[in-house]
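Heads up, the thing below is written out as structure tokens.
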There are 2 protein chains.
Amino acid sequence: MLRTELANQGAAPKIARPVPLRESVFEALLELILTGHLKPGQHLAESELAGLLGVSRQPIREALQLLSGEGWVDLHPGHGAFVHAPTVEEADQLLAVRTLLETESAKLAARHSTPDGVQRLRALCARGLAAVDADDVDMSVAINSELHAAITELSGNKVLAELASLVSRRVRWYHTPVARKRGRDSWSEHTELVDAIAAADEDRAADIMRKHTEHTRDSYLEQRQAEPVESAPEPTRRRRPRSPK
Amino acid sequence: MLRTELANQGAAPKIARPVPLRESVFEALLELILTGHLKPGQHLAESELAGLLGVSRQPIREALQLLSGEGWVDLHPGHGAFVHAPTVEEADQLLAVRTLLETESAKLAARHSTPDGVQRLRALCARGLAAVDADDVDMSVAINSELHAAITELSGNKVLAELASLVSRRVRWYHTPVARKRGRDSWSEHTELVDAIAAADEDRAADIMRKHTEHTRDSYLEQRQAEPVESAPEPTRRRRPRSPK
DNA sequence: CAACTGTATGCTGTAGGCGGTCTACGAGAA
DNA sequence: TTCTCGTAGACCGCCTACAGCATACAGTTG
């Protein structure tokens, strides 16, 4: 059923599939995880997913490996795949690492800032503020990601950008609800940040970014106190191995 | 032929295999890459590797996915896997990221230092110096890795430790020859670093670690000037896709 | 001689199937 | 009642097989 959608992403009927099935499956599963259809801790039976997406188990397995590599699912040899259930400790650590990576990115972006690059950042800021004005929260969050990605890319360090992007995606999974709360504040900070980058003021850019990400972190901690724990429900069927180690 | 070695790692004959084949394959392939038997840019035909290791293509594929996730090989859909060929630019960026991660680790390690942890670090330093005295370069390099790993773990941030370990392994691939040159200097720096951690002096620890990793970076750059480029040989058989993009 | 086209070969991506292991559950004994 | 053990079912890991595309090469044409 879903198969056609997965296989023929474009419109042409008989055009060769340029993207391996595993990557379509990867995105489909990631979407299911991010939207909460697959809950943390849940056991992912390969046959079940294969039936759901209308493909064989093989691409499912490969997609699960990719997801495991990015930390979305945990593979327990002999027991299959489980949606990763982040502990509060891990979320904290991830947020700390994000602060580290993004701060360095901002510093480097300021150092290597170009008029062209700055202009792109400003455009994103404008779009972001417009989204906030229109109360389009989803759009605001999306543009927020774009802006941060643009900054990391402006840093000129691709390795750094890749890591930052990875960590940010993970972080966003945890605190998306937070981002919805502090829309306008966040975007005014963004504007200041871009100004600092435009002025090639490394230290100020780094400073603003650090405070910015730590604000998000504080908001996350607050939110978590409100709704203390979203404990993973008992795995649908298969239990976790005895010693998760 | 190799199969038995891969499958039955332990001694017991009929004990269930606790480790999936793909992980054994992963390590076997990584070893081949690190030792240079598989050269950068080389095309990795699944059937060939399967025959070489005595397993079917399936575990090979999964191992290649894992290797791709850690950046050891590049997967080009429809064209197969190629050993990653690092550019000088990428090596630089990787070294910069390593400095960032390790510096933060050192700072946190100093902040959270415990007598027990410090003692372990000192033991590693002693073993490292002993290895240098004995002119056992391989041992020295190995203990060097252990020490850095121990420091990142002492930081208390597992996410950070994992990233640092990943990046370090990649870095080591590029500059192993370098580490051989500056054995004793490196270890005296290590000793100072451990002292700073023991004294819970965050700034000094971070400072020393930053200088330490940048020393390594400088050595790498020097070495690279000596032997300008180790360009990848023409791929054994299959060419790279037209637009590597 | 150079460029193009048709054909052959090798490889990847996917499907389907088999053996072995683990979990779940019910019966029987303490 | 509670613990132990045996059985049945489900699932994972791996192997084999096949369809389709990519590449290489030879033959052909300008």
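The values are calculated or read from the model by the stated rules, or taken from the named source; none is laboratory data. Quick caveat: nothing in here was measured; it's all calculated off a predicted structure. All Cβ positions, glycine included, derive from the backbone under ideal geometry; neighbour counts span all protein chains shown. What goes into the accessible areas is simple: the full protein's heavy atoms, side chains included, and nothing from ligands, DNA or RNA. Shrake-Rupley method; radii C 1.70, N 1.55, O 1.52, S 1.80 Å.
Structure data summary
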{"quantity": "Residue in the range A:113-126 that is within 12 Å of chain B (Cβ to nearest Cβ) and open to solvent by 40 Å² or more (accessible area, probe 1.4 Å) present", "calculated": "no"}
{"quantity": "Test for A:LEU160: is it more than 19 Å from the chain's Cα centre (by Cα) and either under 25 Å from B:ALA91 (Cα atoms) or buried (at least 17 other Cβ atoms within 10 Å of the Cβ) (or both)", "calculated": "no"}
{"quantity": "Of residues in the range B:37-73 being within 14 Å of chain A (Cβ to nearest Cβ) and basic (Lys, Arg), the one nearest to DNA strand D (Cβ to nearest atom)", "calculated": "B:ARG57"}
{"quantity": "Subset of the range A:163-191 that is polar (S, T, N, Q) and at pLDDT below 85 - its residue that is farthest from the chain's Cα centre (by Cα)", "calculated": "A:SER186"}
{"quantity": "Complete set of residues in the range A:63-93 that are open to solvent by less than 40 Å² (accessible area, probe 1.4 Å), within 14 Å of DNA strand C (Cβ to nearest atom) and not in a strand (DSSP E or B)", "calculated": "A:ALA63, A:LEU64, A:GLN65"}
{"quantity": "Residue count for the range A:94-112, restricted to those that are more than 9 Å from chain B (Cβ to nearest Cβ) and assigned to a helix (DSSP H, G or I)", "calculated": "11"}
{"quantity": "From the options B:ALA110, B:ALA131, residue that is modelled with pLDDT of 90 or more, of a type in the set (A, V, I, L, M, F, W, C) and buried (at least 20 other Cβ atoms within 10 Å of the Cβ)", "calculated": "B:ALA110"}
{"quantity": "Selection status of A:SER145, crowded, with 19+ Cβ neighbours inside 10 Å and more than 14 Å from chain B (Cβ to nearest Cβ)", "calculated": "no"}
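Here's the yes/no breakdown for (1) open to solvent by less than 30 Å² (accessible area, probe 1.4 Å); (2) in contact with an Asp or Glu (Cβ under 8 Å, 6 or more places away or on another chain); (3) closer than 18 Å to B:GLY71 by Cβ:
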| residue | (1), (2), (3) |
| --- | --- |
| B:LEU21 | no, no, no |
| B:ILE33 | yes, no, yes |
| B:LYS39 | no, no, yes |
| B:GLN42 | no, no, yes |
| B:GLU48 | no, no, no |
| B:LEU53 | yes, no, no |
| B:ARG57 | no, yes, no |
